[in-house]
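Notes to accompany the following structure.
The values are calculated or read from the model by the stated rules, or taken from the named source; none is laboratory data. Keep in mind the model is a prediction, meaning the values are calculated, not measured. When we count neighbours, we look across all protein chains shown, and the Cβ atoms used for this are built from the backbone with ideal geometry, even at glycine.
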Amino acid sequence: MFSSFMTNAWLSGTIVALLAGVVGFFVVLRGASFAAHAIPNGAFAGAAGAYLIGVSPLLGLVSFALLSALGIGMTSRRTRNDVATALSLVAMLALGAAFLSVSLIYEPTINALLFGEILGVSSSQLAPVLILGVVSVGVLAWFYRPLMFTSVAPELARARGVNATLVDVAFLVVVALATALTVPVVGALLTFSLMIGPPAAARILVARPGWAVAGSVGLSLVTVWVSIGASYAFNLPIGFFVGALGATLYLGARVVARRRVVRSAT
Amino acid sequence: MSARDLSHDSSQGLLEVRHVNVSVEGRDILRDVNFSIKHGEFTGLIGSNGAGKTTLFRVILGIQEHASGEVLLHGEPLTRANRSIGYVPQKVLFDPDLPIRARDLVALGSDGHRYGLRRRPRALHEAVDEMLDAVDAGAFADRRVGGLSGGEQQRVLIAHSLISRPELLLLDEPLANLDPGSVQEIIALLHRVSQRQRVAILLSAHEMNPLLPVMDRIVYVANGHVASGTTDEVVRPSVLSELYGHHVDVLRVHGRVLVVATALPVGPAPNDQHPEFVVE
């Protein structure tokens with residue numbers, strides 16, 4: 001499973017894990033899990049549309065993920081956030097279904113888009129994936145503190161002069177980019193499990209914000225590496241392993257945290 | 001009726017609120033509000049729920065929409081989110097799982113608005129410890145904020161707002177939902193901080209009695225109108241009746257002040273009315 005044609009899988013998987021670890025940390029912190037579920041479905045519709053008109057799937061993924069992210073950002077200012085997110089989710093899913101029915105995509109391709117494919121990123125796409133990944137992490141590093149501040153206590157941040165709207169929009173754009181890169185590997189339906197599972201576990205185990213981000217990245221890397229290996233060995237979709245591992249990590253962290261409380265109480 | 005500043009002292013204040021009006025969707029929330037706050041003074045912003053106290057804070061912070069009038073700091077118009085003003089909002093909810101310790105929240109008060117990734121200087125860590133000590137929060141500095149009690153969180157929030165060395169600290173109902181013991185502790189702590197760090201305090205509350213021993217001045221809000229001055233100048237039947245728009249009495253019992261409304265019966269015969277007292 002370390003043969004040359006698997007190199008892409010390990011490389012793209014590692015980039016995706018690093019990015020999802022950081023982005024997911026803030027997704028969980030901001031309570032934006034639902035948006036992290038909706039945006040991949042937008043990306044899925046974009047990929048389907050790209051196949052339909054014969055352009056690069058990555059282009060479709062990025063543009064539609066951005067479209068759903070900004071759509072959620074715009075509408076959630078006028079209506080309740082969960083309603084805006086749900087509407088964006090169903091609209092994108094419907095669009096994706098329509099694209100799929102009129103285009104002639106093989107069923108395995110659809111399956112790969114929904115549930116992931118370790119060879120989902122081709123050699124020609126590796127460079128754009130790497131560039132987009134670096135840009136996303138760079139943007140996150142640049143507004144790390146205002147992002148942390150608005151995630152922890154938005155009202156305090158606003159009173160201190162942080163432009164919370166700018167931070168919101170910039171963050172949604174980064175979520176969209178991270179999603180577009182993650183969907184081809186992990187699949188549209190299970191991308192958000194990679195963004196939620198490892199960070200949710202890390203924040204229970206570690207109390208310091210910086211170390212919790214690092215822990216989230218670490219658990220995300222382990223999740224993706226184990227999932228790639230297991231997917232290769234058992235010939236099951238990688239999304240299955242990512243989802244199962246994410247939930248297991250979270251439950252494990254809860255058990256560890258509870259033991260810690262019991263021990264410190266006695 | 002226009003709002004009145006009953007203070008006879010005309011020296012220039014730290015903060016001047018002049019002719020502030022806030023009207024949202026045709027409803028007047030604040031009408032011609034005027035008052036001033038002086039350096040290092042403890043001012044109580046007193047009014048019942050919904051009187052417009054939070055709105056007034058938002059005006060001072062420059063984040064309230066549909067506001068007119070002027071807010072001056074050192075005689076200059078306020079720019080948005082001035083570093084000289086610290087703010088502790090009414091309700092801050094922290095998830096118990098939030099990976100933020102008390103000291104992390106205090107540090108964010110110093111550099112949370114800054115872009116770019118930099119290592120925090122040693123001086124910042126020292127300032128954080130100093131602020132935590134100033135509010136007696138050193139013992140739980142390394143615990144997650146979400147796991148702290150209401151009174152403990154209040155202390156951490158005060159440290160968070162003090163670390164930028166503000167000249168004015170705004171606290172929105174910091175005593176609400178605290179047990180009586182914590183109320184006394186927080187008041188004593190704020191009084192101490194205001195004296196030692198020369199920071200003026202504007203604290204809102206719906207109950208003025210716990211604040212009477214420490215309050216230098218009072219800003220009383222009712223019906224969107226404001227009266228300000230010392231407690232003796234403001235908490236009088238004539239002033240408060242004008243503010244409320246109907247007659248109220250001020251009773252002083254065992255060092256406590258009670259503002260009670262006189263319920264006027266509907267219809268004629270004002271001479272043999274039975275006054276009913278309602279404690280506000």
Within the range A:32-65, take every residue that is more than 16 Å from A:P184 (Cβ to Cβ) and of a type in the set (A, V, I, L, M) and give me the one that is nearest to the chain's Cα centre (by Cα).
A:A36
Some residue of the range A:148-160 being at the interface with chain B (Cβ under 10 Å from one of its Cβ atoms) and closer than 25 Å to A:V224 by Cβ:
yes
Checking A:S231 against (1) outside any helix (DSSP H, G or I); (2) touching a Phe, Trp or Tyr at 6+ places or on another chain (Cβ under 7 Å), which single condition isn't satisfied?
(1)
The residue that is nearest to B:I186 (Cα to Cα), considering only those in the range B:122-142 that are within 14 Å of chain A (Cβ to nearest Cβ) and in contact with a Lys or Arg (Cβ under 6 Å, 6 or more places away or on another chain), is B:A141
Might you check whether a residue that is farther than 19 Å from A:I39 by Cβ, crowded, with 17+ Cβ neighbours inside 10 Å, of a type outside the set (A, V, I, L, M, F, W, C) and within 18 Å of the chain's Cα centre (by Cα) occurs anywhere in the range A:136-159?
yes
Top-ranked residue in the range B:166-179 [being more than 13 Å from the chain's Cα centre (by Cα) and touching a residue at least 40 places away in the same chain (Cβ under 8 Å); ranked as nearest to B:K91 (Cα to Cα)]:
B:P166
Flag if B:V92 is within 8 Å of chain A (Cβ to nearest Cβ) and either in a strand (DSSP E or B) or within 17 Å of the chain's Cα centre (by Cα) (or both):
yes
From the options A:T165, A:T191, A:T248, residue that is among the β-branched types (V, I, T) and buried (at least 24 other Cβ atoms within 10 Å of the Cβ)
A:T191
B:V106, sole failed condition from (1) within 27 Å of A:V206 (Cβ to Cβ); (2) facing another protein chain (nearest Cβ under 9 Å); (3) hydrophobic (A, V, I, L, M, F, W, C); (4) crowded, with 23+ Cβ neighbours inside 10 Å:
(2)
Among (1) outside the structural domain of B:S23 (by TED's automatic domain parsing); (2) within 19 Å of the chain's Cα centre (by Cα); (3) not basic (K, R) - the single one B:G138 does not satisfy
(2)
Candidate set: the range A:194-219, residues that are within 13 Å of the chain's Cα centre (by Cα) and either more than 18 Å from A:S151 (Cβ to Cβ) or without any contact (Cβ under 8 Å) to a residue 24 or more places away in the chain (or both); chosen: the one nearest to the other protein chains (Cβ to nearest Cβ):
A:G197
Those residues of the range A:114-161 which are within 21 Å of B:G146 (Cα to Cα) and among the aliphatic types (A, V, I, L, M), in sequence order:
A:L147, A:M148, A:V152, A:A153, A:L156, A:A157, A:A159
